[in-house]
Amino acid sequence: KSWATATKQKSKEKQELLHYIQNLKSFAEDERFEWIQQMTRLVRDKLVLQKQLEAYTNSRIRFGSPQMIEDQADIKRYVAEVRASEAAAKNENLRLRQKVEQLERRAEDN
């Protein structure tokens with residue numbers, strides 16, 4: 001009787017773990033989708049900024065202004081922030097993927 005109970009308990013635990021993994025996977029997918037949307041937005045923003053910067057630079061070259069140097073520093077700072085958030089998003093995505101793989105291995109071991 002206790003063997004049957006133990007087997008049933010083990011099976012239940014495995015089902016719960018598989019269910020948890022499935023939820024985590026779908027969460028990771030949602031996160032990835034959100035991340036892709038965010039990256040698309042950032043790339044679009046970056047392209048718009050580059051076009052604006054080119055137009056701005058062309059107009060400033062004609063008149064030569066110290067303001068331009070300041071603005072370029074701001075833009076470089078913004079680009080650095082974008083890159084940092086891209087890196088953070090990639091790290092988070094990797095962390096989620098590793099967590100899913102780790103749980104899948106644990107489920108296989110059980």
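Numbers for the structure displayed
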| read-out | value |
| --- | --- |
| Test result for Q15, at pLDDT 85 or above and not charged (D, E, K, R) | yes |
| One residue from L17, L53, L49 being in contact (Cβ under 8 Å) with a residue 40 or more places away in the chain, part of a helix (DSSP H, G or I) and aliphatic (A, V, I, L, M) | L17 |
| Residue that is farthest from the chain's Cα centre (by Cα), among those in the range 36-73 that are under 30 Å from L94 (Cα atoms) and either surrounded by fewer than 12 Cβ atoms within 10 Å (Cβ to Cβ) or at pLDDT below 80 (or both) | V48 |
| Residue among A6, A88 that is under 18 Å from the mean Cα position of the chain (by Cα) and part of a helix (DSSP H, G or I) | A88 |
| Residues within the range 82-96 that are closer than 16 Å to D30 by Cα and of a type in the set (G, A, S), tallied | 1 |
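The values are calculated or read from the model by the stated rules, or taken from the named source; none is laboratory data. As the structure is a computational prediction, the values presented were derived from the model and not from experiment. Reconstructed Cβ throughout: ideal geometry from the backbone, glycine too, with neighbour counts over all protein chains shown.
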